[in-house]
Amino acid sequence: MPPDVSGANAGTPAAPEPHPYAQLTPDHVLDALASVGLYGDGRLMALSSYENRVYQVTLEDGERVVAKFYRPGRWSEAQILEEHDFAAELMAAEVPAVGPLVLNGATLHRHHGFAFSVSPWRGGRQPELDDFEVLEWIGRFLARIHTVGAARPFAHRPLLDLESFGTASRDWLLTNEIIPLDMQGAWKEQCDKALELIAASAYAESAGAPFGLKDATPIRLHGDCHPGNILWTPLDEWGRGGPHFVDLDDARMGPAVQDLWMLLSGDRRQRTHQLSALLDGYEQFRSFDRRELALIEPLRTLRLIHYSAWLARRWQDPIFPANFPWFGTSDYWRGQVDMLIEQIEAMQEAPLAA
């Protein structure tokens with residue numbers, strides 16, 4: 001839980017128990033790799049990741065790998081393996097996704113109480129999303145990801161829906177008294193308005209059609225396709241390079257547009273041009289249901305609400321207070337109220353058209 005800013009819990013709080021990740025020392029990381037036959041030379045670098053712990057490790061032969069230690073209790077083993085299987089399907093279809101290595105006949109391993117996987121290291125930088133050729137290229141690969149994703153559903157991974165991302169997040173924040181009293185009423189009022197608007201919009205289920213779109217079927221998605229999860233390498237003299245997709249940790253079922261909208265930024269005119277470039281590439285490989293464009297602002301709103309709940313749920317992990325010191329303050333929640341008001345207005349506007 002974030003720091004109590006309401007003054008309701010006076011006194012000295014009991015010292016929290018050490019977080020499970022406190023046990024994940026560099027020695028444990030190297031021992032875990034050694035347990036699957038990979039021996040580090042001592043060079044180990046923590047990579048940017050809050051949900052899991054991810055390390056770049058240099059092996060004795062100079063090769064670099066990425067070791068990912070899954071957050072205890074977040075996903076079941078079956079759900080993690082579905083992520084791995086999806087990555088393997090994408091790579092088999094020659095989609096540039098980075099999936100885990102098969103070591104000792106398996107992709108998921110356990111050591112010192114942690115589940116972990118090892119992937120090859122791939123360099124790159126965030127793509128230049130103001131370059132329409134880059135967006136078109138990314139659109140082509142997103143279509144190929146979705147072609148694989150539409151082949152069959154996840155059996156264990158969840159659906160991106162109003163209940164799990166919106167209603168449950170709101171209820172958890174209120175039940176656990178996360179929001180300071182001076183902002184609680186205003187936030188709840190705007191959050192309720194936003195969720196009611198989403199429930200009445202194209203995002204709600206109606207007549208048995210997911211997301212209220214007739215004949216629309218959720219597909220397996222990357223799920224968290226923001227620019228930081230696409231690494232770009234420049235073309236070499238043989239024409240090799242371009243985007244590759246990393247971090248399928250949030251893969252789930254949902255509408256195809258979920259993997260597109262996080263790549264849009266700027267004012268409405270800029271977002272319209274960006275969307276057009278993405279879809280120009282996308283529709284070279286797969287048709288896109290333009291009705292899903294009405295889901296962009298509802299999906300953005302759900303992510304906004306879910307993000308606050310995610311931060312609060314993870315607050316006992318020391319990496320969160322260190323990196324999000326502003327969370328839990330009245331100013332933070334005042335900003336959330338303002339953004340919810342903006343989203344309510346955006347959801348009442350005509351959807352983007354491309």
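The values are calculated or read from the model by the stated rules, or taken from the named source; none is laboratory data. Keep in mind that what you see is a predicted model, and the values were worked out from it rather than measured. Here the Cβ positions follow ideal geometry from the backbone for every residue, glycine too, while neighbour counts run over all protein chains shown.
Filter the stretch 309-324 down to the residues that are crowded, with 19+ Cβ neighbours inside 10 Å and of a type in the set (Phe, Trp, Tyr) and list them by number.
Selection gives 320 alone.
So in the stretch 184-203, with the set limited to residues that are surrounded by 17 or more Cβ atoms within 10 Å (Cβ to Cβ) and at pLDDT below 95, which one is nearest to residue 305 (Cα to Cα)?
198
Does any residue in the stretch 337-354 that is assigned to a helix (DSSP H, G or I) come within less than 8 Å, Cβ to Cβ, of a residue that is surrounded by fewer than 16 Cβ atoms within 10 Å (Cβ to Cβ) six or more places away or on a different chain, and which pairs are these?
Close Cβ pairs (under 8 Å, with a partner that is surrounded by fewer than 16 Cβ atoms within 10 Å (Cβ to Cβ)) amount to 340/193; 344/193.
Looking at the stretch 95-116 only, could you name the residues that are closer than 29 Å to residue 147 by Cβ and either of a type in the set (Lys, Arg) or in contact with a helix residue (DSSP H, G or I) (Cβ under 7 Å, 6 or more places away or on another chain) (or both)?
95, 96, 97, 99, 100, 107, 108
Within the stretch 23-41, can one find any residue that is outside the structural domain of residue 221 (by TED's automatic domain parsing), over 16 Å from residue 111 (Cβ atoms), surrounded by 12 or more Cβ atoms within 10 Å (Cβ to Cβ) and modelled with pLDDT of 95 or more?
yes
Any residue that is acidic (Asp, Glu), modelled with pLDDT of 95 or more and in a helix (DSSP H, G or I) - is there at least one of those in the stretch 258-273?
Yes, the stretch 258-273 has at least one match.
Among 308, 287, 265, 276, which is under 18 Å from the mean Cα position of the chain (by Cα), assigned by TED's automatic domain parsing to the domain that holds residue 166, among the hydroxyl-bearing types (Ser, Thr, Tyr) and farther than 20 Å from residue 169 by Cα?
Result: 265 is the single residue among 308, 287, 265, 276 that is under 18 Å from the mean Cα position of the chain (by Cα), assigned by TED's automatic domain parsing to the domain that holds residue 166, among the hydroxyl-bearing types (Ser, Thr, Tyr) and farther than 20 Å from residue 169 by Cα.
With (1) in contact (Cβ under 8 Å) with a residue 12 or more places away in the chain; (2) under 23 Å from residue 94 (Cα atoms) as the list, and residue 113 as the residue in question, which single condition is left unmet?
Condition (2) is where residue 113 drops out.
Looking at the stretch 286-294, is at least one residue polar (S, T, N, Q), outside any helix (DSSP H, G or I) and modelled with pLDDT of 95 or more?
Yes: one or more hits.
Does residue 300 meet the test of being in contact with a helix residue (DSSP H, G or I) (Cβ under 7 Å, 6 or more places away or on another chain), at pLDDT 95 or above and surrounded by fewer than 18 Cβ atoms within 10 Å (Cβ to Cβ)?
yes
Quickly run through the stretch 16-33 and pick out the residues that are assigned to a helix (DSSP H, G or I) and polar (S, T, N, Q).
Within the stretch 16-33, 23 is the sole residue that qualifies.
Look at the stretch 79-94 and say how many of its residues are of a type in the set (A, V, I, L, M) and either touching a Cys at 6+ places or on another chain (Cβ under 7 Å) or buried (at least 20 other Cβ atoms within 10 Å of the Cβ) (or both).
Total satisfying the criteria: 3.
Out of 125, 144, report the one residue that is among the basic types (Lys, Arg) and surrounded by 15 or more Cβ atoms within 10 Å (Cβ to Cβ).
Answer to the selection: 144.
Just one of 94, 163, 83 is of a type in the set (Asp, Glu) and within 22 Å of residue 285 (Cβ to Cβ); which is it?
94
Yes or no: residue 220 touching a Lys or Arg at 6+ places or on another chain (Cβ under 6 Å) and either modelled with pLDDT of 95 or more or among the polar types (S, T, N, Q) (or both)?
Spelling it out, it is not the case that residue 220 is touching a Lys or Arg at 6+ places or on another chain (Cβ under 6 Å) and either modelled with pLDDT of 95 or more or among the polar types (S, T, N, Q) (or both).
Select, from 250, 259, the only residue that is under 21 Å from residue 165 (Cα atoms), in contact with a strand residue (DSSP E or B) (Cβ under 7 Å, 6 or more places away or on another chain) and not aromatic (Phe, Trp, Tyr).
259
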